[in-house]
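Only the coordinates and a few stated rules stand behind these numbers; no lab work does. Please read all numbers here as calculations on a predicted model, not as lab measurements. All Cβ positions, glycine included, derive from the backbone under ideal geometry; neighbour counts span all protein chains shown.
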Amino acid sequence: MAHKADFERNYFLDDIPLMDAKERFERHVGAIGVSDDLITEFVPLRESVGRVSAKAIFAKISSPHVTTSAMDGIAIRFEASLGATETRPLKLTESDFEWVDTGDPIPTGFDSVVMIEDIQKLSDNEVVIRNPVAPYQHIRKIAEDIAAPELLVREGVVITALDLACLGAAGLSEIEVNREPRVSLIPTGSELIKIGETPQPGQIIEFNSVFLSALIEDWGAKAIVEPSVLDDPKMMEKTLLECSDRSDVLVVIAGSSAGSEDYTSTVVSKVGEVVVHGVAIRPGHPVILGSIRGKPLLGIPGYPSSALTTSELFLKPLIAKLCGYNEASAERIEAIMARKIASPLGEEEFLRVVAAPVDGDYVVHPTTRGAAMTLSISRSDGVITIPHNHEGLEEGAEVSVSLRRPRSEIDKTLLISGSHDIAIDMLANNLSGARNGVRLISSSVGSVGGLLALSKGFAHVAGTHLLDEKSGEYNISAVQRHVPDESVHIFDFVGRTQGLIVQEGNPRKIKGLNDLPCSGLKIVNRQRGSGTRVLLDYLLKQSNISPGSIIGYDNEEYTHYNVAAAVSSGFVDVGMGIMAAALASGLEFIPIADERFQLVIPSRYIGIGSEIDILLEQLTGEDLRRDIASIGGYDVSRMGRIAARIN
């Protein structure tokens with residue numbers, strides 16, 4: 001095995017603008033002769049769906065290939081029916097007609113069909129009709145549907161299931177299509193383990209190849225997932241050369257950056273050519289573009305969001321070129337940005353967002369940013385681009401969204417903004433059932449943030465649990481303060497038990513808030529504006545505990561699950577959160593206070609037969625109450641009741 005010291009790592013060659021990088025790669029792909037002559041093959045008709053037609057496809061036979069009857073009845077010459085009426089019916093004998101069934105060829109000499117329902121049968125050889133028929137009535141004429149050699153499918157078109165009807169009717173049993181390009185996916189990293197194995201510290205589950213291979217298949221290529229390659233330059237070189245012999249495109253996953261274990265650029269430069277290393281985009285900055293032995297190569301970052309972005313930008317159009325079809329543009333919507341977003345100058349950022357229609361406009365909220373975020377990929381509805389010469393987007397900015405989810409699904413979406421709660425996830429699950437078909441998405445910005453979003457028209461519902469220190473009431477004064485110009489209903493959702501989440505066995509022997517200032521004890525807090533943070537600050541004030549005396553007071557998380565995860569990992573000793581999060585994570589819980597988590601909804605949404613009414617119906621249903629109560633730590637006795645109306 002070669003020593004890593006024998007190889008020098010290449011750092012970024014440039015920070016190339018995206019359009020320049022695309023043009024360089026396209027020119028290079030053209031220079032090495034990729035897709036000059038596409039390889040074609042014949043496949044059975046049923047297997048042609050999703051494949052690209054290699055040539056224009058013409059009808060082999062007409063459909064129908066003969067003139068046929070469109071009804072059960074008798075074939076006649078239309079002249080024989082002239083004069084027939086209800087009062088003066090006509091009798092036809094065997095020389096005047098012939099019995100036919102639907103689809104039967106029309107016998108020679110006849111040109112019309114009388115339906116069986118309009119016939120009085122006297123015998124097999126005699127019938128009576130009471131209405132005349134027109135020429136060609138109830139007849140399917142030859143080539144009525146398809147007239148051979150009519151054009152059925154153009155060259156370079158992706159064949160769909162609906163195309164099979166006309167192709168089959170026109171007598172085609174097999175179709176000439178472009179061969180699917182073969183794409184080798186090569187995961188790299190000594191730390192990788194297979195899906196299903198339990199990762200130890202320092203190990204990473206290799207899942208990039210799973211979702212990337214599905215995307216590649218969806219784009220029309222054949223994905224070949226290669227065994228993971230260790231961080232060894234010689235092994236990588238051997239794998240790349242072997243894959244270049246059996247594949248049309250090589251995609252190296254991870255190893256494209258400038259870390260101590262990143263050798264992709266060095267190896268590709270040795271056995272092939274690197275034309276781009278480092279593009280001014282976020283995420284996906286350290287992408288590599290080049291070739292080996294005349295085969296295009298992409299070195300994509302290992303972080304999943306970076307891998308997805310670079311694949312969509314560079315691999316997808318390459319596959320379209322190799323398949324011989326024109327890449328379709330994603331559907332776009334114009335929307336309003338619900339939050340201010342900062343972005344670094346000099347990099348084109350691709351920001352994933354969720355979207356919902358609110359008061360006639362589409363409103364978008366950013367999902368969690370970061371190259372390693374997988375859940376934000378799954379939950380996102382689309383992508384907005386922040387140009388390289390912008391420092392971000394202002395709240396209320398008009399943006400264009402490239403959709404990754406059907407618009408019809410987005411149009412059935414409700415947006416709840418505010419405090420995070422596990423019970424909200426349960427409500428969303430119940431709403432999305434087949435009977436309702438309503439999608440509920442949440443933006444976890446804290447109780448105050450949720451009320452502000454509602455007041456600005458950036459949400460349908462706000463989830464809040466803000467305690468008024470003076471009155472001891474929940475939410476009413478906060479709603480009056482933050483949503484002053486909107487008539488709203490406040491609905492009870494759940495009662496929750498808030499307290500301290502501690503590690504299993506409570507090794508630090510924490511009993512309550514008075515223990516938080518103890519020497520060496522580290523906590524994780526919720527973000528400013530969250531109801532949990534407001535409650536903690538209120539309780540600390542009541543106990544005369546200074547926040548400055550607590551280690552980690554400014555260490556913030558945005559959800560109760562994240563607080564529980566931080567405690568479970570041992571990174572912190574304790575966090576403020578709800579009992580349900582502790583129970584779900586197998587942690588211990590020290591109750592501190594009970595509170596009311598409520599939903600604030602503009603009154604104008606209620607009672608108009610909208611998705612909001614479906615949500616309110618769910619709140620009063622026993623199924624949701626039972627599901628939430630089973631989690632533990634919730635009081636569902638008031639769920640769905642109107643707690644207050646504020647005009």
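Structure above, values below:
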read-out	value
D_trans [Stokes-Einstein, Kirkwood Rh over alpha-carbon pairs] for the range 155-209, 25 °C, 0.890 mPa s, µm² s⁻¹	156
Alpha-carbon Rg with Dmax, taken over the range 524-598, Å	11.9, 32
Between helix 560-569 and the chain: long-axis angle, C-alpha atoms, 0 to 90°, nearest 10	60
Per principal axis, descending, Cα span of the range 1-138 in whole Å	105, 35, 24
Rounded to 10°, Cα long-axis angle of helix 531-542 versus longest principal axis of the chain	10
Cβ-based net charge around residue 19, under 13 Å, with every Lys or Arg adding one and every Asp or Glu removing one	-1
Over 25 Å between alpha carbons, listed pairs 60/141; 340/470; 222/295; 194/234; 22/340; 340/456	340/470; 22/340
Total charge dipole magnitude, the chain, about the Cα centre, Cβ charges on Lys, Arg, Asp, Glu only, Debye to nearest 20	1560
Calculated FRET efficiency for the pair residue 385/residue 328, C-beta based, R₀ 22 Å, to 0.05	0.75
Option label - semi-axes √(5λ) of the Cα gyration tensor in Å computed here, alternatives (i) 50, 32, 19; (ii) 60, 42, 21; (iii) 44, 29, 21	(ii)
Selection from 82, 249, 162 lying farthest towards where the dipole of the chain points positive, charges on Cβ	249
For the range 329-378: rounded, prolate or oblate by the Cα gyration tensor [a/c cutoff 1.5]	prolate
For the range 422-646, with +1 on Lys and Arg beta carbons and -1 on Asp and Glu, the positive-most of 460, 598, 546 along the dipole	546
Sparse-neighbour loop sites [trypsin sites (Lys or Arg not before Pro); the range 105-165; at most 16 other C-beta within 10 Å; DSSP]	130, 141, 154
Straight-distance crosslink candidates among aspartates and glutamates, where the alpha carbon sits under 12 Å from residue 316 and sequence neighbours closer than 8 are dropped	217, 218, 327
Radius ratio Rg over Rh of the range 332-411, counting only Cα atoms, Kirkwood formula for Rh	0.95
Helix-only mean residue ellipticity at 222 nm for the chain, each DSSP H run of n ≥ 4 adding -39500 (n - 2.57), per residue, nearest 500	-6500 deg cm²/dmol
For the range 492-646, alpha-carbon Rg over 2.2 N^0.38 Å	1.17
Neighbour cut-off at most 16 other Cβ (10 Å), DSSP loop, trypsin sites (Lys or Arg not before Pro), the range 562-642	638, 641
Taking N as its residue count, the alpha carbon Rg of the range 377-455 over 2.2 N^0.38 Å	1.27
Share antiparallel - DSSP beta bridges, the chain, percent rounded to 5	70
Per DSSP, loop GluC sites (Glu not before Pro) in the range 380-440 with at most 14 further Cβ within 10 Å	391, 394, 395
Derived scalar couplings ³J(HN,Hα) [the range 239-246; Karplus, 6.51 cos²θ - 1.76 cosθ + 1.60; whole Hz; x for Gly, Pro]	5, 4, 5, 5, 5, 5, 7, 10
Residue-wise HN-Hα coupling along the range 23-28, computed from phi with Karplus coefficients 6.51, -1.76, 1.60 (Hz; x: Gly, Pro)	5, 4, 5, 4, 4, 5
Charge dipole (debye, nearest 20) of the range 422-646; +1 at Cβ of Lys and Arg, -1 at Cβ of Asp and Glu	200
